[in-house]
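Laboratory data are not the source of any read-out in this text; all were calculated from the coordinates shown. All values reported here derive from a predicted model rather than from experimental measurement. Here Cβ is always computed from backbone atoms with ideal geometry, including for glycine, and neighbour counts include all displayed protein chains.
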Amino acid sequence: MRNIIRCKHCGDTIELKATHDFQLCTRTSVGIDGGLDYLKRIFGSNPAEEHYEELSEYE
């Protein structure tokens, strides 16, 4: 499993490697949480597809 997104505002790619990890992009426009246990996204009020590109891989 990979928990990874790309911010459409600043272009940062954020990937979590640990279970209790949380990260924001440089502009703090988007963030991800959940480590390798679950996928949680943090973004503004508009639809998600306006803020980030989903790159996660999981089974």
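With a cut-off of 18 Å on the backbone N, the residues of the range 10-48 near the modelled label site 7 Å out from Y58 along Cα-Cβ are 14-24, 31-43, 48.
Proximity of backbone amide H atoms, modeled 1.01 Å from N, is registered between K40 and D33 at under 5 Å, excluding neighbours fewer than 5 places apart on the same chain.
Hey, of (i) 10.4; (ii) 3.6; (iii) 4.4, which did the structure itself give for mean projected area of the Cα convex hull in nm² when calculated? The listed entry that was calculated here is (ii).
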